[in-house]
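Trainee: Take a look at the following structure, please.
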Amino acid sequence: VQLQACGGGLVQAGGSLRLSCAASGRTFSGYDMGWFRQAPGKEREFVAAISGTGSTYYADSVKGRFTISRDNPKNTAYLRMNSLKPEDTAVYYCAADARRYYRDYSKAYKYDDWGQGTQVTVSS
C-alpha cells in the first residue's frame, strides 16, 4: 500500500487542521489506518486509529480534540485536529495495516506501510 499524507502546516494555538492520507489499492475498506507523530528528539507516538469497520481509537493526549475518519470510496483517511496546542507540534505519519494480524492499534509494529509524513507546527 502506498500512502500520501498532506494537510500539515503552521497554525496558532487553538486553531485547527485536517490531515489527509490517500492510499493506493483496491481494498482500502479492509485496511486498519493509523496516525502517529514524532516530535524532535522524541519517539514516534500513537495518535489515533480507525479500523476497517469504523471503530476508532485515540491517545489520551488528543481525545476530545482530534477526530479520525475515513472515506472508503475515496481511499482516504483523515485526522481532524481542533484546539491545537504547541505540544502537538510534530511530523505526522499515516500508516496502513492490510493484513490486520495484530490487534493493538496503538503499536507501530501493527502497521506495514507508512506515508512520508507531514509537518504540523503549532505556535503559542
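The values are calculated or read from the model by the stated rules, or taken from the named source; none is laboratory data. Quick caveat, the model's predicted, so the values are computed rather than measured. Here the Cβ is made from the backbone with ideal geometry for all residues, glycine too, and neighbour counts use every protein chain on show. Just the protein is used for accessible areas: all its heavy atoms, side chains included, with ligands, DNA and RNA removed. Shrake-Rupley method; radii C 1.70, N 1.55, O 1.52, S 1.80 Å.
Trainee: Full-extension gain between residue 61 and residue 80, please, as 0.36 nm times their residue separation minus the C-alpha to C-alpha distance.
Mentor: 5.4 nm
Trainee: Right, next: Which residues in the range 6-21 have a backbone N closer than 16 Å to a point placed 7 Å from the Cα of residue 45 along the Cα-to-Cβ line?
Mentor: Label zone hits: none.
Trainee: Now for a different question. Amide H neighbours of residue 117 under 5 Å, at least 5 residues apart or on other chains, H built in the peptide plane: list them.
Mentor: Under 5 Å from the amide H of residue 117: 5, 94.
Trainee: Just flag the trypsin sites (Lys or Arg not before Pro) in the range 1-77 sitting in loop per DSSP whose Cβ has no more than 13 other Cβ atoms within 10 Å.
Mentor: 26, 42, 63
Trainee: Can you spot the aspartates and glutamates whose alpha carbon is less than 18 Å from residue 42's alpha carbon? Ignore those fewer than 8 places along the same chain.
Mentor: Cross-link targets: 60, 87, 88.
Trainee: Oh, and also: What does the accessible area of residue 10 come to, in Å² to the nearest 10, when a probe of 1.4 Å is used?
Mentor: About 130 Å², ignoring ligands and nucleic acids.
Trainee: For residue 12 paired with residue 101, estimate the spin-label separation in nm (one decimal), with each label point 7 Å from Cα along the Cα-to-Cβ line.
Mentor: Rounded to a tenth, the inter-label distance reads 4.8 nm.
Trainee: Using a Förster distance of 30 Å, how high is the FRET efficiency between residue 124 and residue 69, based on the Cβ-Cβ distance and rounded to 0.05?
Mentor: 0.60
Trainee: Mind listing the lone cysteines of the chain, meaning no other Cys beta-carbon sits under 4.7 Å from theirs?
Mentor: Unpaired cysteines in the chain: 6.
Trainee: Find how many whole Å separate the alpha carbon centroid of the range 108-124 from the alpha carbon centroid of the range 39-66.
Mentor: With the range 39-66 and the range 108-124 each reduced to a Cα centre, they are spaced 10 Å.
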